[in-house]
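Everything below concerns the one structure shown next.
The values are calculated or read from the model by the stated rules, or taken from the named source; none is laboratory data. Being a predicted model, the structure only gives us computed values, none of them experimental. Neighbour counts run over all protein chains shown; Cβ positions are idealised from the backbone, glycine included.
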Amino acid sequence: MIWIDADACPVKAEAETVATRLKVKLILVSNGGLRPSPNPLVEMVYVDQGPDIADMYIAERATVGDVVVTNDIPLAAKCVEAGARVLRPDGEPLTPANIGNVLATRDLMSDLRSADPFRQGGGKPFSKADRSRFADALDRVTRAAMKEAKHG
């Protein structure tokens, strides 16, 4: 199964393409506002409004053999701990080997932003190459998760 923290995810279409090709269920978890997909492999889950409600829904369900797509680092950490494989929308894997450093960096950056209210964040726009890199990574990680689910 592929879980997507869908509200701000820029690669939902790419994830649906990969899920369809691999015949894997794709679950988009959102606070609403997303249109349902006619694809029978895609399930829309609408959760209540509120901070981290979608994250909690995913964290309580993701497990070994699943892939989670999120930019939310605390959610990623919970999913990695549960044995799921985690990808960021740019295709970067979050793993037991790197999640601690990623969490620490996130906390540091949050502290820096708090200390300097004029510091502007925001990343570069999402490119075609970013989308392609994500799709390749999702395909690779999903195949590995499927094997893991069969043997685990």
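The set of residues in the range 37-66 that are part of a loop (DSSP other than H, G, I, E, B), closer than 23 Å to LYS150 by Cα and in contact (Cβ under 8 Å) with a residue 12 or more places away in the chain comprises LEU41, ARG61, ALA62, THR63, VAL64, GLY65, ASP66.
Can you find, within the range 67-94, the residue that is modelled with the lowest pLDDT among those that are surrounded by fewer than 17 Cβ atoms within 10 Å (Cβ to Cβ) and assigned to a helix (DSSP H, G or I)? Result: PRO74. Number of residues in the range 55-92 that are among the aliphatic types (A, V, I, L, M) and in contact with a Pro (Cβ under 9 Å, 6 or more places away or on another chain) equals 5.
If only residues of the range 1-36 that are closer than 23 Å to GLY91 by Cα and free of Cβ contacts under 8 Å to residues at least 24 places away in the same chain are counted, the one that is surrounded by the most Cβ atoms within 10 Å (Cβ to Cβ) is LYS12.
State which residue is modelled with the highest pLDDT when the search covers only the range 95-132 and only residues that are among the charged types (D, E, K, R) and surrounded by fewer than 15 Cβ atoms within 10 Å (Cβ to Cβ).
Applying the first criterion (among the charged types (D, E, K, R)) to the range 95-132 yields 106-107, 111, 113, 116, 119, 124, 128, 130-131.
Next, from what is left, pick out any that are surrounded by fewer than 15 Cβ atoms within 10 Å (Cβ to Cβ): 107, 111, 113, 116, 119, 124, 128.
Numbers: ASP107: 61, ASP111: 60, ARG113: 64, ASP116: 68, ARG119: 58, LYS124: 67, LYS128: 88.
Per the stated criteria, the residue is LYS128.
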